[in-house]
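Everything on this sheet refers to the single structure shown next.
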Amino acid sequence: MAGLICFLITHCTYIYALCRDARFGAHKGPFVVFTIVALAIIFGLWTSLPAALKIPVIIYAAALGVMAAQATSRALGTPAETPRHYAAWLAAAGGFFFMVSDTFLAYGRFSLHIPLNAFWVLGTYYAAQFLFARSTEDFANEH
């Protein structure tokens, strides 16, 4: 539960950062898509989750979906001719990979035997962190 809370705080921090230069929910499409994905993940796990984790998993999945949706919404709203465009899409990819990582983690822990699960969880997690970190660089002189 402590890890879930720490990562929940991380996603809330990412959401805050992703709203600093973009209006929250400016593009509704990503929110619809990531809501459907989060609900599918929750429903897929529901019967195998311990009762004490059902509400925390709903809250966490919602925060994760909002973070990925806001990252994508921000990227869609960043003008293509600006240096920030590339950085915004790196952050959007980071949000996507974070969602994939946590999906592997949850399904591997509660529902399915996934071969090489640690590889998939950590590989997508490190990709997400790398992409978020790269998205903070100044690309003004590169693109």
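Readers should treat all values here as calculations from the given coordinates under stated rules, not as data from a laboratory. Source: prediction; values computed, not measured. FYI the Cβ positions are ideal-geometry reconstructions off the backbone, even for glycines, and counts take in every protein chain you see.
Restricting attention to the stretch 94-119, the residues that are farther than 18 Å from residue 42 by Cα, surrounded by 15 or more Cβ atoms within 10 Å (Cβ to Cβ) and more than 15 Å from the chain's Cα centre (by Cα) total 1. Cβ-Cβ distances below 7 Å connect the following pairs, each with a first residue in the stretch 69-84 that is assigned to a helix (DSSP H, G or I), a second residue that is surrounded by fewer than 24 Cβ atoms within 10 Å (Cβ to Cβ) and among the hydroxyl-bearing types (Ser, Thr, Tyr), and a separation of six or more residues or different chains: 84/78. In this structure, does residue 63 turn out to be closer than 23 Å to residue 132 by Cα and touching a residue at least 24 places away in the same chain (Cβ under 8 Å)? Criteria met by residue 63.
I'd like the residue in the stretch 52-93 that is touching a helix residue (DSSP H, G or I) at 6+ places or on another chain (Cβ under 6 Å) and hydroxyl-bearing (Ser, Thr, Tyr) and, out of all such residues, is surrounded by the most Cβ atoms within 10 Å (Cβ to Cβ). For the stretch 52-93, the residue satisfying everything is 73.
Residue-wise test of (1) under 18 Å from residue 73 (Cβ atoms); (2) touching a residue at least 60 places away in the same chain (Cβ under 8 Å).
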site	(1), (2)
97	yes, no
107	no, yes
114	no, no
130	no, no
135	yes, no
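Pairing residues of the stretch 41-59 that are touching a residue at least 24 places away in the same chain (Cβ under 8 Å) and in a helix (DSSP H, G or I) with residues that are among the small types (Gly, Ala, Ser) and surrounded by 12 or more Cβ atoms within 10 Å (Cβ to Cβ), at Cβ distances under 8 Å and at least 6 apart in sequence or on separate chains, gives 41/61; 41/106; 44/111; 45/106; 45/111; 48/111; 57/106.
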